[in-house]
Amino acid sequence: MSIVFIDLEVNNQDKVLDYGAYVKKNVHFHGNKKKFTKFIKGNEYICGHNVLMHDLNYIKEEVKSAGIVKCVDTLPLSALLFAKRTYHRLVKDYKLDRNILNNPMVDASLSHTLLVEEIEQFESLPSNVKDIYYLLLRDKPNFSGFFQYISYVPMNNRLIELIKETYNNE
């Protein structure tokens, strides 16, 4: 399954100023709308941090034109899988100096890194917890793409029993 990580820079007038995309090291894009659409074409999934609530509002046509219909959003996954973190924004270490502008290509690569961490975190969970998450969230837009992307198949489909067993009837 092919996936492209994306990020946009949008101004206060809701105009996209800059496009970035990342597939893997040395396969990335930073540029304009027309070339962005061409770059993302052929991927099955699009992924980004807050992509569902933000980025897709600005690039629906480009994504549709590229033939991409599946989406993974790292923001809600971060809140679920790293619940003890005090915040879930994308950590942009390159912006330690406030005068440095956002770079959507770098931010797209950071979304890739975060998704890898999220997959590792999900895989480290006990199987019953993974099954509970899947059974509760598989049809929710913020999570369905993730479960499809990792091809998750639950070991147990009995949600109520799983919850009672896992949480000792709490």
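The values are calculated or read from the model by the stated rules, or taken from the named source; none is laboratory data. Note that this is a predicted model, so its numbers are computed, not measured. Every residue, glycine among them, receives a Cβ derived from its backbone with ideal geometry; neighbour counts consider all protein chains shown. Ligands, DNA and RNA are excluded from the accessible area calculation, which covers all protein heavy atoms including side chains. Shrake-Rupley method; radii C 1.70, N 1.55, O 1.52, S 1.80 Å.
Of the helices (runs of 4 or more DSSP H) lying entirely inside region 1-93, those carrying at least 1 residues that are over 20 Å from Pro141 (Cβ atoms) and at pLDDT 95 or above are 33-40.
Okay, residues lined up against (1) of a type in the set (D, E, K, R); (2) open to solvent by 60 Å² or more (accessible area, probe 1.4 Å):
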residue: Thr113; (1), (2): no, yes
residue: Phe122; (1), (2): no, no
residue: Asp131; (1), (2): yes, no
residue: Leu136; (1), (2): no, yes
residue: Pro141; (1), (2): no, yes
residue: Tyr149; (1), (2): no, no
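Residues in region 131-158 that are under 18 Å from the mean Cα position of the chain (by Cα) and charged (D, E, K, R) were compared, and the one that is farthest from Leu81 (Cα to Cα) is Asp139. Could we say that Val51 is of a type in the set (A, V, I, L, M), surrounded by fewer than 18 Cβ atoms within 10 Å (Cβ to Cβ) and closer than 18 Å to Gln148 by Cα here? It is false that Val51 is of a type in the set (A, V, I, L, M), surrounded by fewer than 18 Cβ atoms within 10 Å (Cβ to Cβ) and closer than 18 Å to Gln148 by Cα. Pairs needed: first member in region 120-144, under 18 Å from Cys47 (Cα atoms) and assigned to a helix (DSSP H, G or I); second member anywhere, open to solvent by less than 50 Å² (accessible area, probe 1.4 Å) and not hydrophobic (A, V, I, L, M, F, W, C); C-beta distance under 7 Å; at least 6 residues apart or different chains. Every condition considered, the pairs that remain are Phe122/Lys130; Asn142/Asp73; Asn142/Pro76; Phe143/Pro76.
Scanning region 122-146 for residues that are over 16 Å from Asn156 (Cα atoms) and among the small types (Gly, Ala, Ser) returns Ser124, Ser144, Gly145.
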